[in-house]
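Reading through the structure tokens given below for one structure.
The values are calculated or read from the model by the stated rules, or taken from the named source; none is laboratory data. This one's a predicted model, so the numbers in the text were calculated from it and none came from an experiment. Cβ placement follows ideal geometry from the backbone for every residue including glycine, while neighbour counts extend to all protein chains displayed. Ligands, DNA and RNA are stripped out before the accessible areas are found, and what is left, the full protein with its side chains, is counted by its heavy atoms. Shrake-Rupley method; radii C 1.70, N 1.55, O 1.52, S 1.80 Å.
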Amino acid sequence: MSPTRSQAQRDAVTVEIAFAVVTGALLSGLVFLLCAAPALWGPVPASWHGSWVMVAAVLAGAVGALRVVRILWRRGQPSHPGRTSPHS
């Protein structure tokens with residue numbers, strides 16, 4: 001039988017997920033702008049423009065996804081070795 005979670009625990013999980021998604025999206029946007037800036041406003045040859053932007057988009061997506069996974073994975077881990085997480 002699985003223990004039921006209180007409303008406060010469910011709200012905490014919801015806030016944690018929202019935090020992970022929002023910070024992941026912001027980080028993705030920042031990485032995309034930093035990586036695509038040379039292609040958008042700099043001296044990148046026209047033949048490289050599409051590829052450069054595509055690589056920037058893939059890298060930004062990967063960094064954002066990694067951020068979300070890292071935050072949510074860390075939430076499931078105990079905060080101290082030998083102790084169980086009070087959130088699980």
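From the list Ala12, Ala8, Ala18, pick out the single residue that is modelled with pLDDT under 90, open to solvent by less than 60 Å² (accessible area, probe 1.4 Å) and under 29 Å from Ile71 (Cβ atoms).
Working: Ala8 fails: open to solvent by less than 60 Å² (accessible area, probe 1.4 Å); Ala18 fails: modelled with pLDDT under 90.
That would be Ala12, the only listed residue that is modelled with pLDDT under 90, open to solvent by less than 60 Å² (accessible area, probe 1.4 Å) and under 29 Å from Ile71 (Cβ atoms).
Across the range 42-77, which residue is nearest to the chain's Cα centre (by Cα) among those that are basic (Lys, Arg) and modelled with pLDDT of 90 or more? Before the answer, list the steps.
Let us first name the residues in the range 42-77 that are basic (Lys, Arg), namely 67, 70, 74-75.
If we keep only those that are modelled with pLDDT of 90 or more too, we end up with 67, 70.
Numbers: Arg67: 3, Arg70: 7 Å.
That would be Arg67.
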